[in-house]
Amino acid sequence: MKNFKHKEPFILLAIIACTFTACKKSEPAENMGDAGQTLLKIIGGSSPATVNKNVINFAATPQKLLVVQLRRDVPNETELNKTLVVTVKDDSAAVTAANRAYIQFPAAWYTFETDGLKTGGQGGTYTFTFNPGEFSKEIYITIPNATRMNPLALYGLGFTITSAGYGGKISTQKSVVIEIATATNTWDGVYQNDFCNYHPSSNTGYTCSTTVVHLITTAINKVKLYWPAVGEFANPSILGGNLTYFSLQEPEYTINPGNNSVIVKNASQRADFSFFYMSLSWPNNYDPVTKTFNLKWGYSYAVQGIFDAGCREWTQTLKYIGPR
């Protein structure tokens, strides 16, 4: 009989190794996620859409914005050297979902610059072809005249990747909304309004008061008075001994940057009954050093700009406190 005695240590080691292998739990399979795939994304995008805020100058000179940075992330050089067709939607629904106060930016107010093919107008699609070696695409818009915009409004443009072609996958970073607003002008801000007013029956004593108001940009050199205490575009007044205001009177201030002179007009849609005139006896100007308006104006003058017993008149000192 053959002697196997010298092999016993090896057999024992094998048994021990098998025992430990059987007792050890299997490692869970690693979640590869998107590894190994070509991903299409909008830089800074998300799902639902990220809102990117843009403030432009309230000016009639062209202004250019980068609104979409489209990128394909590839796992290897082979994928980068493939051709891939991607579609991006002009997504008005994303604009509404982001903020119901947004106004869809009118297509007539901008031009776009991209190598993507745009079809369908507003709400249509951009089709991009990533050629071998290309990994990035952009959409720019140029706004030739921002003075067409309402400075009190917020506008929006939406973009969402809707298809990633054969071999690509849409990332969760697929959607973006571009908010477009106009910048405030030099005179925009919060002001302390020290005023006195005269009314032939409601305030014959020409009494005074103080309140805080906002001056809100309405044009390059115009601001409109907003009274936050009442939530209205309204002019604070003392009438019948009370701090109140006349309806349908919405003072708008036009500043001449050349000499800092100021004219106040009624911006209400029914301004015909109270057309404002500047007092001829007052400086009616803006002091850029102290950021203060010194004004006297009114309506129903017997002689325009000259105080008389039948007129309605306000003397205002508007002192800048800070930004809105």
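The values are calculated or read from the model by the stated rules, or taken from the named source; none is laboratory data. The structure displayed is predicted, hence computed values, not measured ones. Backbone-built Cβ (ideal geometry, glycine too); neighbour counts: all protein chains shown. We work out accessible area using only protein heavy atoms, side chains counted, and drop any ligands, DNA or RNA first. Shrake-Rupley method; radii C 1.70, N 1.55, O 1.52, S 1.80 Å.
How many of the residues in the range 162-179 are in a loop (DSSP other than H, G, I, E, B) and either open to solvent by less than 20 Å² (accessible area, probe 1.4 Å) or over 14 Å from Ile42 (Cα atoms) (or both)?
The initial filter retains those residues of the range 162-179 that are in a loop (DSSP other than H, G, I, E, B), namely 164-167, 171-174.
From the residues that got through so far, the ones that are either open to solvent by less than 20 Å² (accessible area, probe 1.4 Å) or over 14 Å from Ile42 (Cα atoms) (or both) too are 164-167, 171.
Residues in the range 162-179 being in a loop (DSSP other than H, G, I, E, B) and either open to solvent by less than 20 Å² (accessible area, probe 1.4 Å) or over 14 Å from Ile42 (Cα atoms) (or both): 5 in total.
Could you look through the range 180-207, keep only residues that are of a type in the set (A, V, I, L, M) and open to solvent by less than 20 Å² (accessible area, probe 1.4 Å), and pick out the one that is modelled with the highest pLDDT?
Initially, the range 180-207 is screened for residues of a type in the set (A, V, I, L, M), giving 180-181, 183, 190.
Right, trim to open to solvent by less than 20 Å² (accessible area, probe 1.4 Å) and you get 180-181.
On the way: Ile180: 97, Ala181: 93.
Selected residue: Ile180.
One residue stands out in the range 58-72 among those that are assigned to a loop (DSSP other than H, G, I, E, B) and not β-branched (Val, Ile, Thr): the one that is most open to solvent (accessible area, probe 1.4 Å), namely Pro62.
Determine whether Phe159 is among the hydrophobic types (A, V, I, L, M, F, W, C) and over 26 Å from Ala107 (Cβ atoms). Steps first, please.
Details: among the hydrophobic types (A, V, I, L, M, F, W, C): yes; over 26 Å from Ala107 (Cβ atoms): no.
So Phe159 fails the test.
Give the residue, chosen from Ala234, Ala164, that is farther than 30 Å from Thr61 by Cβ and in contact with a Phe, Trp or Tyr (Cβ under 7 Å, 6 or more places away or on another chain). Step through it out loud before you land on a result.
Numbers: Ala164 fails: in contact with a Phe, Trp or Tyr (Cβ under 7 Å, 6 or more places away or on another chain).
After applying the criteria, what remains is Ala234.
With open to solvent by less than 70 Å² (accessible area, probe 1.4 Å), more than 23 Å from Thr186 (Cβ to Cβ) and modelled with pLDDT of 95 or more as the only criterion, which of Thr244, Thr210 stands out? Can you show your working first?
Working: Thr210 fails: open to solvent by less than 70 Å² (accessible area, probe 1.4 Å).
Step by step, each of Thr244, Thr210 is checked, and only Thr244 is open to solvent by less than 70 Å² (accessible area, probe 1.4 Å), more than 23 Å from Thr186 (Cβ to Cβ) and modelled with pLDDT of 95 or more.
When the range 213-228 is filtered for residues that are in contact with a Ser or Thr (Cβ under 6 Å, 6 or more places away or on another chain) and either of a type in the set (Gly, Ala, Ser) or open to solvent by 50 Å² or more (accessible area, probe 1.4 Å) (or both), only Lys222 remains.
Yes/no matrix, rows are residues, columns are (1) in a strand (DSSP E or B); (2) in contact (Cβ under 8 Å) with a residue 40 or more places away in the chain:
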{"site": "Ala229", "(1), (2)": "no, no"}
{"site": "Thr254", "(1), (2)": "yes, no"}
{"site": "Val262", "(1), (2)": "yes, no"}
{"site": "Ser268", "(1), (2)": "no, no"}
{"site": "Pro283", "(1), (2)": "no, no"}
{"site": "Thr290", "(1), (2)": "no, no"}
{"site": "Asn294", "(1), (2)": "yes, no"}
{"site": "Trp314", "(1), (2)": "yes, yes"}
{"site": "Ile321", "(1), (2)": "yes, yes"}
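If you go through the range 289-324 and keep only what is of a type outside the set (D, E, K, R), open to solvent by 10 Å² or more (accessible area, probe 1.4 Å), in contact with a Ser or Thr (Cβ under 8 Å, 6 or more places away or on another chain) and under 16 Å from Leu215 (Cα atoms), you end up with Thr292, Asn294, Thr317, Tyr320, Pro323.
Among the residues of the range 100-115, those identified as open to solvent by less than 70 Å² (accessible area, probe 1.4 Å), farther than 30 Å from Asn131 by Cβ and in contact with a strand residue (DSSP E or B) (Cβ under 7 Å, 6 or more places away or on another chain) are Tyr102, Gln104, Phe105, Trp109.
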